[in-house]
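Scroll down for the structure; my scribbles are underneath it.
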Amino acid sequence: MTIAPETLAQLSRMEEARRQIQRQLELIDRQIIRRATPLVPQQRRRQSLQRGETSGARMVLERYRATLAALTAERQPEIDALSRKLARQDQAIAAHHERQQIALSRAA
């Protein structure tokens, strides 16, 4: 027994919707990093004027991480909503695959 074309089309649409959500999450991640990255060179210039290179480098890293955390916190509701949607889509796709396996095994 073969899988009906409409079932394959539905699965294809579900998988494409999941890929779109994944791309949105990746885009948000890139946007956050892009906003935080310009701060690092500014800190390095200030650091070069001071002594204590290792402690300065550590301070730059800590500031970058703090900035990254703050920017992520701003977008957290959006990230959480997309993550929940992605999890629901994963469950729906898995259930769809399971139904197809059951249908194929009954037909055999």
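Residues of segment 85-106 that are farther than 29 Å from Ile32 by Cα and among the acidic types (Asp, Glu): Glu98 alone. Residue pairs whose Cβ atoms lie under 6 Å apart, sitting 6 or more positions apart in sequence or on different chains, and linking a residue in segment 20-36 that is on the phi < 0 side of the Ramachandran plot and of a type in the set (D, E, K, R) to a partner that is surrounded by 12 or more Cβ atoms within 10 Å (Cβ to Cβ) and part of a helix (DSSP H, G or I), are Arg35/Leu71. Among the residues of segment 1-30, which ones are over 26 Å from the mean Cα position of the chain (by Cα), at pLDDT 80 or above and surrounded by 11 or more Cβ atoms within 10 Å (Cβ to Cβ)? The answer is Thr7, Leu8. Take Gln101 and decide whether it is out of contact with any Ser or Thr (no Cβ under 7 Å at 6 or more places or on another chain), surrounded by fewer than 12 Cβ atoms within 10 Å (Cβ to Cβ), at pLDDT below 95 and on the phi < 0 side of the Ramachandran plot. The answer is yes for Gln101. Against the test of being in contact with a Leu (Cβ under 8 Å, 6 or more places away or on another chain) and part of a helix (DSSP H, G or I), the options Leu104, Leu86 yield a single qualifying residue, Leu86. Screening segment 31-83 for residues that are β-branched (Val, Ile, Thr) and in a helix (DSSP H, G or I) and picking the one that is modelled with the lowest pLDDT gives Thr54.
Scanning segment 68-84 for residues being touching a residue at least 24 places away in the same chain (Cβ under 8 Å) and either closer than 19 Å to Thr37 by Cβ or in contact with a helix residue (DSSP H, G or I) (Cβ under 6 Å, 6 or more places away or on another chain) (or both) gives a total of 6.
The values are calculated or read from the model by the stated rules, or taken from the named source; none is laboratory data. As the structure is a computational prediction, the values presented were derived from the model and not from experiment. Glycine also receives a Cβ, built like all others from the backbone with ideal geometry; neighbour counts cover every protein chain displayed.
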